[in-house]
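Engineer: Here it is, the structure in full.
The values are calculated or read from the model by the stated rules, or taken from the named source; none is laboratory data. These numbers come from a predicted model, not from an experiment. All Cβ positions, glycine included, derive from the backbone under ideal geometry; neighbour counts span all protein chains shown. Just so you know, the surface numbers come from the protein's heavy atoms only, side chains and all, with ligands and any DNA or RNA stripped out. Shrake-Rupley method; radii C 1.70, N 1.55, O 1.52, S 1.80 Å.
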Amino acid sequence: MKPTVPGKGESSGKEFDFNSRDFERVRGLIYQRAGIALADSKQEMVYSRLARRLRATGITSFQQYLDMLERTHDSDEWEAFTNALTTNLTSFFREAHHFPILVDFLKTLKEPATIWCSAASTGEEPYTIAMSACEAYGSMTPPVQIVATDIDTNVLATGANGVYPMERIEKMSPERVKKFFLRGKGSHEGYVRVRPELRKLITFKQLNLLADGWPISGQFDVIFCRNVMIYFDKPTQSKILSRFVPLMKPHALLFAGHSENFLYVSDALKLKGKTVYELNANQRVARTKP
Ligand SMILES: C[S@@+](CC[C@H](N)C(=O)[O-])C[C@H]1O[C@@H](n2cnc3c(N)ncnc32)[C@H](O)[C@@H]1O
């Protein structure tokens, strides 16, 4: 296979030299920081996303940029580096088969529901959860609290803002659009804003699934962890799942992405439906014991 990045000392013809050693360093740093295991095929992507950081910081080589990162532990540049390397693809009602399951489940609850959306990206997923909750309870103020987290601070800001280009909702039914969105006028033409009632149901905050302490507490009725585990290796997936388990109420549901299978990495869970998990019987018994 033809290498996409030249070896050390070879010329790339690019604005900045970027060799396989630089790529390995980036790979090591983002793995340590976010658990993201970058495949060899991501070399071009890494170059183009981080070249923007070099331009923004005025640093003229990858080597210097990476040296600077390694010298500092918690600088703003670390945040920008991480934000640059995440992949944030998402959409409203993505993997739509999950949402009728969520609606039916919410209808069975006797207490207000607590939901954690753990890789919320730009907000489409937590807003879809909020819309489903409104539909489940037949109210724009359902008894539901949603915590939406992500490692990437840029996407969280977009989510908290709740403004999207019209194209993002074009597959949604006109009834939902009318009920849950406000159309932008004048300079906001071509954009929609989620209704404030939906926005109020969600708290957006940064959380790195890899970090030691998670800034969340309590137990959840539902956890969404969709399309993020695919970026992690098996030991990381297993560790994260073992930390989800104590945060799940005995009856809780855990939603995964279409290509993620949690049964291989956790024996505390069992499959309830297509990519929907619940705690296995032993775990439930352990929870309900006085
Ligand atoms: C492909 S998006 C999936 C978004 C949404 N869950 C969905 O299925 O549509 C993956 C998200 O995981 C986030 N992410 C990556 N590594 C993370 C980590 N260590 N902790 C928390 N979020 C992370 C990324 O920033 C990105 O927004």
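Engineer: To the nearest 0.05, how large is the calculated FRET efficiency for Arg183 and Asn154 if R₀ is 25 Å and r is the Cβ-Cβ distance?
Structural biologist: After rounding, the FRET efficiency stands at 0.50.
Engineer: By its C-alpha gyration tensor, with a ≥ b ≥ c as the square roots of the eigenvalues, how is the chain shaped: rounded for a/c under 1.5, else prolate for a/b larger than b/c, else oblate?
Structural biologist: In terms of gyration-tensor shape, oblate.
Engineer: Rolling a 1.4 angstrom probe over the protein chains, ignoring ligands and nucleic acids, what is the accessible area of Lys107 in square angstrom, nearest 10?
Structural biologist: Estimated to the nearest 10 Å², Lys107 gives 130 Å².
Engineer: With respect to the cross-link table entries Lys205/Lys270; Lys107/Lys249; Lys239/Lys274; Lys107/Lys178, which display a Cα-Cα separation exceeding 19 Å?
Structural biologist: Lys205/Lys270; Lys239/Lys274; Lys107/Lys178
Engineer: What is the spin-label model distance, in nm, from Thr141 to Ser61 if the labels are put 7 Å beyond Cα along the C-beta direction?
Structural biologist: Reported label-point gap for Thr141 and Ser61 is 6.2 nm.
Engineer: Test of understanding: what is the full-extension gain from Leu263 to Gln219, defined as 0.36 nm times their sequence separation minus their Cα-Cα distance?
Structural biologist: On the way: separation 44, 0.36 × 44 = 15.84 nm, distance 2.15 nm.
Taking Leu263 through Gln219 to full extension adds about 13.7 nm, to one decimal.
Engineer: Select from Ser20, Ser187, Ser132 the residue whose mean-square fluctuation is largest in a Gaussian network model of the chain (Cα-Cα springs shorter than 10 Å).
Structural biologist: Ser187
Engineer: If you don't mind, another one. Can you give the Rg and Dmax of segment 205-248 based on its C-alpha atoms, in angstrom?
Structural biologist: Final numbers for Rg and Dmax: 10.5, 27 Å.
Engineer: At 7 Å along the Cα-to-beta-carbon direction for both Ser41 and Ser242, put a label point, then send me their distance in nm to one decimal.
Structural biologist: The modelled label-to-label distance comes out at 3.1 nm.
Engineer: How many nm separate the modelled label positions at Leu271 and His97, each set 7 Å beyond the Cα in the direction of the Cβ?
Structural biologist: Output for this residue pair reads 1.0 nm.
Engineer: Need one number: convex hull volume per residue for segment 1-156, Cα atoms only, in Å³. Please report the intermediate quantities before stating the final value.
Structural biologist: Numbers: hull volume 22.3 nm³, N = 156.
Cα convex hull per residue, to the nearest whole number: 143 Å³.
Engineer: Report the residue, chosen from Ser242, Ser91, Ser139, that carries the largest GNM mean-square fluctuation when the chain is represented by alpha-carbon nodes joined by springs under 10 Å.
Structural biologist: So, out of Ser242, Ser91, Ser139, the one fluctuating most is Ser139.
Engineer: Which residue, Lys179, Lys274, Lys14, has the most motion in a Gaussian network model of the chain that connects Cα atoms within less than 10 Å?
Structural biologist: The residue that fluctuates most here is Lys14.
Engineer: Taking the Cα centre of segment 41-170 as origin, sum charge times position over the Cβ atoms of Lys and Arg (+1) and Asp and Glu (-1), and report the length of that vector in debye to the nearest 20.
Structural biologist: Here the size comes out at about 120 debye.
Engineer: Here's something else I'd like to know. Amide H of Ala120 versus every other amide H placed in the peptide plane: which residues, excluding those fewer than 5 positions away on the same chain, fall under 5 Å?
Structural biologist: Thr149, Asp150
Engineer: Considering only the chain, what is the antiparallel percent among its DSSP beta bridges, to the nearest 5?
Structural biologist: 40
Engineer: Report the paramagnetic label zone for Arg193: residues of segment 102-132 whose backbone N is under 20 Å from a point 7 Å from Cα along the Cα-to-Cβ axis.
Structural biologist: It comes to 122-128, 130-131, nothing else.
Engineer: Right, something else. Quick one: plug the Kirkwood hydrodynamic radius of segment 20-84 (C-alpha pairs) into Stokes-Einstein at 37 °C, 0.692 mPa s, and report D in µm²/s.
Structural biologist: 277
Engineer: Whole-Hz Karplus ³J(HN,Hα) for segment 122-134, in order, using 6.51 cos²θ - 1.76 cosθ + 1.60 and θ = phi - 60°, x for Gly and Pro?
Structural biologist: Once θ is set to phi - 60°, the couplings for segment 122-134 become 7, x, 4, 5, x, 5, 5, 4, 5, 4, 5, 5, 4 Hz.
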